[in-house]
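Here is the structure we will look at.
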C-alpha cells in the first residue's frame with residue numbers, strides 16, 4: 001500500500017501516492033469527485049434536518065430542534 | 001476472485017461512497033487495488049468527520065424519542081446514505097433496536113452505504129431473522145458485492161442459518177466477490193453436499209464455471225475435495241470433457257483438482273477420442289499427479305506423446321518431468 005502523499009495539516013485530502021503519480025489531471029479529477037461528495041453530503045444533512053422537523057409531531061419539535069441544532 | 005474483478009468491485013464500492021457511477025472512476029483503472037481501497041477508506045473517514053456533530057446529534061435524538069419515531073426519522077429524514085454513515089456512531093443496542101423496527105428493503109439500502117470497518121461490530125446485536133430478510137432484499141437486487149463484503153463480518157454460527165436464504169446462483173456470484181477470501185473455506189464448510197450440488201447446477205445454468213473455479217481456488221484441501229466429489233456427482237465424465245473444451249481448462253483448474261481417478265480417466269478418454277490434444281495437455285496440467293496414471297492408462301504411446309507435446313507447447317510443463325514420469329513417481333509414492 002502506498003503512503004499518503006501531500007498530507008496537510010489543514011485537512012486537505014491526502015491522496016495515495018499512486019493516484020498522484022497518475023498526473024495532475026487524474027489527481028484533479030479525483031479531488032473534484034471527493035469535493036462533490038462532500039458538498040452533496042452537506043446539502044443532504046441540511047435537507048435531513050428540515051425533513052426531520054417536518055416528520056416529528058408538533059409537541060416534540062422543540063426537543064428535536066434542540067437536540068439536532070444544539 | 002480475479003485481480004480484474006477485485007479491482008472492479010473496489011471501484012464500485014468507491015463509487016457508492018462518492019455517489020457517482022462506476023464509469024466516472026475510469027481514471028482509476030491504472031491505479032492499484034490497494035490504493036483504490038485506501039482512497040475509499042480515506043473518503044469514508046472524511047465524510048463521517050465532516051458532519052460528525054450532526055450525525056452524533058441524530059444518534060442522540062434516537063435515544064430521546066420513542067423507538068418507532070426514531071426509525072421513521074432514520075428512514076424518511078436521513079435516508080439510506082446518511083443513515084448508513086451515521087450508523088457508525090450507534091451503540092450496539094440502538095442499532096439492534098432500529099434494525100428490528102426498520103423494513104428489510106430500507107435496511108438493505110443502508111447496507112449498501114455502511115462502512116463495515118466501523119459498523120461490522122454492530123451486526124452481532126441484530127437478529128438473524130432481520131439479517132436474513134435484509135439479505136434476501138440484497139439478493140433480489142443482485143447486490144453481490146455488498147453481500148460479499150458482509151461475509152467477513154458475520155460469524156460462522158449465524159452464517160450457517162443465513163446461507164439458507166441464498167440460492168446457488170447468489171452464493172456463486174457473491175462468493176466470487178467476497179472481500180475477505182479467507183472466509184470462503186469455512187463458508188463452504190457450512191454448506192451441505194446438496195448445497196454444493198446446487199452451486200454447480202447454478203454454474204451450469206448461468207454459465208458461472210469460471211466463478212465456481214475461482215471460488216474453489218481459495219479452499220483448503222478438505223473443501224476442495226468435497227467440491228471435487230460434487231463435480232463428479234453433477235457432471236458426467238463426458239459433460240466434464242465438454243466443459244474443459246468449452247472453457248479454458250486453466251480457468252476451471254480449481255474444479256479439476258479434487259476429482260477422482262475414474263472421472264479423470266473417463267473424461268480424458270472422451271477428449272482422446274475427439275483428438276483434443278491441446279485441451280488434453282491443459283487438462284493433464286491440472287490433474288493431480290496421483291490421478292495421472294488413470295488418465296494415461298487408456299492412452300497408447302502416440303496419444304501420450306501428443307498430449308505431452310501439447311502440454312509442452314502450452315508452456316505449462318516448463319522443464320518439469322514428463323507426464324509418464326510424474327504418474328510413475330506418484331504411483332511409487334502411493335505404493
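Only the coordinates and a few stated rules stand behind these numbers; no lab work does. For clarity, every value in this text was computed on a predicted model and none was experimentally measured. Backbone-built Cβ (ideal geometry, glycine too); neighbour counts: all protein chains shown.
Observations on the model:
- Mean partner shielding of peptide B:78-89, defined as the number of other chain Cβ atoms within 10 Å of each residue Cβ, is 2.
- The convex hull around the C-alpha trace of chain A, projected and averaged over every direction, spans 6.7 square nanometres.
- Distance from the stretch B:277-294 to the stretch B:42-58 (C-alpha centre basis), Å: 56 Å
- With Cα atoms, 0 to 90° folded angle of helix B:261-273 axis to chain B main axis: 70 degrees
- For residues of B:70-76, the mean tally of beta carbons on other chains within 10 Å: 3
- Computed on the Cα atoms alone, the convex hull of chain B gives a volume of 143 cubic angstrom per residue.
- Crossing angle, helix B:128-140 versus chain B [Cα axis fit, 0-90 degrees, rounded to tens]: 70 degrees
- Shape analysis of the protein assembly as shown places it in the prolate category; the axes a ≥ b ≥ c from the Cα gyration tensor give an a/c of at least 1.5, with a/b above b/c.
- Taking a ≥ b ≥ c as the square roots of the Cα gyration tensor eigenvalues, the stretch B:185-335 comes out prolate, since a/c reaches at least 1.5 and a/b is larger than b/c.
- Cα-based shape type of the stretch B:267-313, given that a ≥ b ≥ c are square roots of the gyration tensor eigenvalues and the cut on a/c is 1.5: rounded
- Principal semi-axes in Å for the stretch B:79-171 [√(5λ), Cα gyration tensor, largest first]: 19, 14, 12
- Among the residues of A:45-52, the average count of other protein chain beta-carbon atoms within 10 Å of the residue beta-carbon is 6.
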